[in-house]
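Engineer: Below you will find the structure I want to go over with you.
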Amino acid sequence: MKYFTLNDGNQIPANGFGTFRIPNTQKCVDSVTQAINAGYRLIDDTAEIYGNEEAVGIGINNSYVSKDELFITSKLWVNHYGYEKASKSIDDILKRLNTDYLDLLLLHQPFGDYYGAWRAMEDAQKQGKILSIVVSNFTTRNLIDLDAFNKVKLVINQIEINPWRQEHDSINNLNNLDVQVESWSPFAEGSNNLFHNSVLKKIAKKYNKTIAQIILRWEFQLGIVSLCKSVHFNRINENFNIYDFNLDNLDMKNISNLNKNYGSTEKIGGKLSDDDSENIIKYLNVANNLSTNI
Ligand SMILES: NC(=O)c1ccc[n+]([C@@H]2O[C@H](COP(=O)([O-])OP(=O)(O)OC[C@H]3O[C@@H](n4cnc5c(N)ncnc54)[C@H](OP(=O)(O)O)[C@@H]3O)[C@@H](O)[C@H]2O)c1
């Protein structure tokens, strides 16, 4: 496993296993155990909103790796923002995951009283309940604002990045701010025939790898932590084996040229500029509907 070093000195595995859309069932338990046994050390996206924290906790306990070798991430959902609610939520997450501490806790979205939630996270960090506190789906503007008026410097922003949605500007900004980029949905959920794209197919053939491995390797070479999900044991193994080859500059560029600036984030109105009221309303409706699950 390769690691990247965060600006707070902690180290993060370069390739993580995501558990979104694996329901709270034996499937989730088995996939997490399989991923850890295959070599993954970063388990991401056990998140309040996904309702799978208990299953992830059991999957971790069933693996042969001890918890202190793992890097466990969860996220606070928007209806638990504000200092009091977030403090309680952090304790509930630890209980559900059956752990004393988290390696990472993220603010899932930049809506509502995320300032209050951030301060609860700062206090939980002081109490040893969380090692690094970070954010997800923040624009650079959200991120600079939060950073400027709080004590703990941001170390990671988790955003959607895949060949269709490459976020070149955000990545530049985050690199300049020394904030580690983490990518969700690296395969764009397979949309637009990603796994049959002719450019990716040609590159995969050249290196004798699969399209999934090419994409994860491309993100690794860009210095991005990728989070991929699968419920199939062969794919879980395949997606971890990306460290024995190197994409050349031309292939890196050919993948960059696939960018369409469009992904799931846009589909649900998540990429919001300051005057984008129509999309903000659309997004909050999605967020409120999801909140009824927890
Ligand atoms: N922060 C956020 O707001 C946010 C939002 C969305 C996702 N995430 C994180 O990102 C992680 C991944 O995102 P995602 O699940 O939406 O999408 P994804 O990783 O882009 O795609 C997952 C899809 O790809 C398939 N797949 C995986 N490996 C494959 C392979 N080697 N060959 C062919 N197909 C393969 C999976 O199918 P099978 O399972 O059937 O193999 C699944 O249908 C999530 O688990 C979560 O941790 C975060």
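The numbers here are math on the coordinates, done by the rules we state, and not lab data. Model, not experiment: these values are computed from the prediction. Every residue, glycine among them, receives a Cβ derived from its backbone with ideal geometry; neighbour counts consider all protein chains shown.
Engineer: Calculated FRET efficiency, Phe245 and Val199, Cβ-Cβ r, R0 22 Å, to nearest 0.05? Present the calculation step by step, with values, prior to reporting the outcome.
Structural biologist: Working: r = 17 Å, r/R0 = 0.79.
The pair Phe245/Val199 has a calculated efficiency of 0.80.
Engineer: How long is the gain from Tyr83 to Met252 if the chain were fully straight, where each residue apart is worth 0.36 nm and the alpha carbon distance is subtracted?
Structural biologist: On the way: separation 169, 0.36 × 169 = 60.84 nm, distance 4.33 nm.
Between Tyr83 and Met252, full extension yields 56.5 nm more.
Engineer: Per the Kirkwood formula on distinct C-alpha pairs, the Rh of the stretch 145-257 is how many angstrom?
Structural biologist: Working: mean 1/r = 0.0667 Å⁻¹.
Averaging 1/r across every pair of different Cα atoms and inverting gives 15.0 Å.
Engineer: I would also like to ask the following. Of Asn137, Leu42, Pro110, which is farthest on the positive side of the dipole of the chain, counting Cα position, with +1 on Lys and Arg Cβ, -1 on Asp and Glu Cβ, and the Cα centre as origin?
Structural biologist: Value computed over the given set: Leu42.
Engineer: Simple spin-label model, 7 Å along Cα-to-Cβ: Asn285 to Met1 in nm?
Structural biologist: 4.2
Engineer: Under the rule of -39500 (n - 2.57) per DSSP H run of 4 or more residues, summed and divided by the residues of the chain, what mean residue ellipticity at 222 nm is obtained, to the nearest 500 deg cm²/dmol?
Structural biologist: Details: 12 runs with 125 residues, N = 294.
Rounded to the nearest 500, it is -12500 deg cm²/dmol.
Engineer: So, one more: With no solvent and one point per C-alpha, what does the Debye sum give as log10 I(q)/I(0) for the stretch 1-151 at q = 0.12 Å⁻¹?
Structural biologist: Each listed q corresponds, in turn, to -0.47.
Engineer: Only Cα pairs under 8 Å and at least 6 apart count here; give the relative contact order of the chain as a rounded whole percent. Can you show the working numbers first?
Structural biologist: Details: 526 pairs, mean separation 52.3, N = 294.
This gives 18 percent for the chain.
Engineer: Given the C-alpha centroids of the stretch 92-131 and the stretch 145-176, what is the distance between them in whole angstrom?
Structural biologist: 19
Engineer: Please compare each pair in Lys2/Lys206; Lys206/Lys267; Lys209/Lys260; Lys67/Lys209 to a cut-off of 28 Å on the Cα-Cα distance and tell me which ones are over it.
Structural biologist: Values: Lys2/Lys206 24 Å; Lys206/Lys267 33 Å; Lys209/Lys260 24 Å; Lys67/Lys209 31 Å.
Beyond 28 Å between Cα atoms: Lys206/Lys267; Lys67/Lys209.
Engineer: Once the Cα gyration tensor of the chain is diagonalised, what are the square roots of 5 times its eigenvalues, in whole Å and ordered largest first, as equivalent ellipsoid semi-axes?
Structural biologist: Working: eigenvalues 159, 108, 65 Å².
Semi-axes from the Cα gyration tensor: 28, 23, 18 Å.
Engineer: A follow-up question, please. Can you return the lysines within cross-link range of Lys151? Criterion is Cα-Cα under 19 Å, with same-chain partners fewer than 8 residues away left out.
Structural biologist: Partners within reach: Lys126, Lys129.
Engineer: Too long at a 24 Å Cα-Cα cut-off: which of Lys27/Lys85; Lys75/Lys229; Lys75/Lys253? Mind showing how you got there, number by number?
Structural biologist: Working: Lys27/Lys85 31 Å; Lys75/Lys229 17 Å; Lys75/Lys253 33 Å.
In this structure, Lys27/Lys85; Lys75/Lys253 lie more than 24 Å apart at Cα.
Engineer: Moving on to the next point. Among DSSP beta bridges whose residues both lie in the stretch 3-291, state the antiparallel percentage, nearest 5.
Structural biologist: Values: 4 of 30 bridges.
Roughly 15 percent of the DSSP beta bridges within the stretch 3-291 come out antiparallel.
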